[in-house]
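One structure below.
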Amino acid sequence: MRPSHLVGGKTMKTTIPKEELVYSGHLACQGCGATLAMRYTLKALGQNTVYSVPACCWSVIDGPFPYTSLQIPLFHTAFETAASMASGIQAGFAIRGKGDINVVAWAGDGGTVDIGIQALSGMVERGDNVLYICYDNEAYMNTGIQRSGSTPVGAWTTTTPPPHFKKSPKKDMVAIMVAHHIPYTATGNIAYPEDWIKKVNKAKEIVGPKYLQILASCPPGWKHSSEISIEVVRLATSTRKWPLYEVENGNYKFTRMTRKFVPVSEFLKLQGRFRHLTEEEIDVIQLLVEEHWADLCAKAGIENQFADKLEGYTEKVKKHHPQWFHIEED
Amino acid sequence: MMAEKYEIKISGAKDMPPMAASLGKMLVNKTGSWRNIRPLVIPEKCNGCSLCWKFCPDFCINIDGDYPIINYDYCKGCGVCAHECPTEAIVMEEEIK
Ligand SMILES: Cc1ncc(C[n+]2csc(CCOP(=O)(O)OP(=O)(O)O)c2C)c(N)n1
Ligand code: SF4
Ligand code: SF4
Ligand SMILES: [Mg+2]
């Protein structure tokens, strides 16, 4: 039977704005998380926005000349220049008295944490009024899944093939931004659009540099089936592998608290890129999660409810020392 | 939806925009042809939560009415809507071409 509240009325509930500034017909793969990152972001920013986009999946997703998927102007720019291009656009607008336009640098993780990092660092250090957003699919996906500085430890990519899986942990770009004394930086996840939209809205109101990083699943790159695109990133946050927090003028705050222990293996086991991991190696990844979480709790000034896990996994990992990961001896 | 009406014809330099600006909408590109499996909505089971709409990576679910209506011109058949639906009001079926 049809629920009575649905009969004949416009009763579909929504928790995010309905207005769409991205068209269907775009060129992303089935189940692409990066498309949702863009859609949610524009729902918050609105049409008074200009994008600077370097080489990345999104420069393809948008469509070939003379077509576009976005209802806002987008400048295609060179791979390393998302931030400098955005700084220039913003300076141009400011001179013409149009400083109220949201200028956004929108880049992939490779374009952000590797090749674009010096332009971004300069932009933040100068204090330019730009919102920099990195959609993080944890590898160079557009060119066929090469590892980036944002690829997590242990992951398979085409440049970290068996048995040489990624040896170093993911670069902590938010911490690097905090070290720049940035007014506002935060993490996001496409599985939590309400949280993300709040952060984009907050960033929009702040004059000065802002850095946001949103985790976005990539079925061909992470090697999972397209229908679990949301489930997989949701698990990244519920396992605390990708915590949701913000840092405003140096003050850390969790925007989503986790109370229940969900092992990181729940996130890893859904993806082909982690299929080869042994139990011992997963313990190392769990330890990295615990260390990062403990560090964040200390910075946010709250008690770490998982302190026993940190202790337990430190003991456990000490015992087996996997060769592919460097562990400090004490 | 008629994708053809969004098409831009460029036969030579005279048709080019004054600068390399994209003027056409990607709505011209009917991605429904990519689909191998097709989502089917069962209105009786829908609880009106709109989660399918919220997470559809192709923005092709309409929720203006009292249950979701999928635009098969653009649906790529990723299966996210059916997977996220809490009441199993969307099922994935074999695509008949
Ligand atoms: C200077 C330069 N080097 C290499 C490339 C080739 N290239 C284009 S996109 C890309 C990968 C981008 O990766 P990322 O920034 O993570 O975005 P994603 O494709 O994953 O969305 C590469 C290597 C380029 N366009 N310019
Ligand atoms: S390769 Fe990954 S990030 Fe790029 S369009 Fe496909 S799913 Fe999206
Ligand atoms: S199958 Fe994928 S593209 Fe099609 S309506 Fe569902 S979520 Fe959208
Ligand atoms: Mg990438």
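Taking the criterion of being among the polar types (S, T, N, Q), out of contact with any Phe, Trp or Tyr (no Cβ under 7 Å at 6 or more places or on another chain) and either more than 30 Å from residue A:60 (Cβ to Cβ) or within 7 Å of another protein chain (Cβ to nearest Cβ) (or both), the residues of region B:29-50 that qualify are B:29, B:47, B:50. Whether any residue in region A:64-71 is at pLDDT 95 or above and more than 11 Å from every other protein chain (Cβ to nearest Cβ) is what I want to check. No. When the strands (runs of 3 or more DSSP E) confined to region A:169-279 are screened for residues that are within 16 Å of ligand 2 (Cβ to nearest atom), those reaching at least 3 such residues are found at A:210-215. With respect to residue A:105, is the statement that it is away from ligand 2 (no atom under 14 Å from the Cβ), open to solvent by 20 Å² or more (accessible area, probe 1.4 Å) and assigned by TED's automatic domain parsing to the domain that holds residue A:200 true? In short, no.
Scan region A:159-194 for residues that are under 20 Å from residue A:241 (Cβ atoms), surrounded by fewer than 21 Cβ atoms within 10 Å (Cβ to Cβ) and among the charged types (D, E, K, R) and jot them down. Of everything in region A:159-194, those that are under 20 Å from residue A:241 (Cβ atoms), surrounded by fewer than 21 Cβ atoms within 10 Å (Cβ to Cβ) and among the charged types (D, E, K, R) turn out to be A:167, A:171, A:172. Might you let me know whether region A:212-231 holds any residue that is within 14 Å of chain B (Cβ to nearest Cβ), more than 23 Å from residue A:168 (Cβ to Cβ) and touching an Asp or Glu at 6+ places or on another chain (Cβ under 7 Å)? So far as region A:212-231 goes, yes, one or more of its residues are within 14 Å of chain B (Cβ to nearest Cβ), more than 23 Å from residue A:168 (Cβ to Cβ) and touching an Asp or Glu at 6+ places or on another chain (Cβ under 7 Å). Against the conditions (1) within 16 Å of ligand 1 (Cβ to nearest atom); (2) open to solvent by 10 Å² or more (accessible area, probe 1.4 Å); (3) farther than 24 Å from residue A:199 by Cβ, residue A:117 satisfies every one except (3). When you scan region A:125-136, do you find a residue that is polar (S, T, N, Q) and over 16 Å from residue A:83 (Cβ atoms), even just one? No, region A:125-136 contains no residue that is polar (S, T, N, Q) and over 16 Å from residue A:83 (Cβ atoms). Note on region A:71-97: residues that are in contact with a Gly (Cβ under 9 Å, 6 or more places away or on another chain), under 26 Å from residue A:29 (Cβ atoms) and open to solvent by less than 50 Å² (accessible area, probe 1.4 Å) amount to 3. Per the listing B:57, B:43, the residue uniquely more than 21 Å from residue B:7 (Cα to Cα) and without any contact (Cβ under 8 Å) to a residue 24 or more places away in the chain is B:57. Is there a residue in region B:55-72 that is part of a strand (DSSP E or B) and within 9 Å of chain A (Cβ to nearest Cβ)? No. Residues in region A:39-63 that are more than 10 Å from chain B (Cβ to nearest Cβ) and within 15 Å of ligand 4 (Cβ to nearest atom) were compared, and the one that is surrounded by the most Cβ atoms within 10 Å (Cβ to Cβ) is A:58. None of B:62, B:71 is away from ligand 1 (no atom under 16 Å from the Cβ), without any contact (Cβ under 8 Å) to a residue 12 or more places away in the chain and open to solvent by 10 Å² or more (accessible area, probe 1.4 Å) except B:62. In the condition set (1) buried (at least 17 other Cβ atoms within 10 Å of the Cβ); (2) more than 16 Å from ligand 1 (Cβ to nearest atom), residue A:211 is compliant with all but (2).
Kindly establish whether residue A:171 is more than 14 Å from every other protein chain (Cβ to nearest Cβ), within 15 Å of ligand 1 (Cβ to nearest atom), within 27 Å of residue A:88 (Cβ to Cβ) and basic (Lys, Arg). Answer is yes for this residue. Output the residues belonging to region B:78-97 that are in a loop (DSSP other than H, G, I, E, B), within 29 Å of residue B:6 (Cβ to Cβ) and open to solvent by less than 10 Å² (accessible area, probe 1.4 Å). Hit for region B:78-97 is B:79, nothing else.
The values are calculated or read from the model by the stated rules, or taken from the named source; none is laboratory data. Just so it is clear, the structure is predicted and the values come from calculations on it, not from any experiment. No Cβ is skipped: glycine too gets one built from the backbone with ideal geometry, and neighbour counts run over all protein chains shown. What goes into the accessible areas is simple: the full protein's heavy atoms, side chains included, and nothing from ligands, DNA or RNA. Shrake-Rupley method; radii C 1.70, N 1.55, O 1.52, S 1.80 Å.
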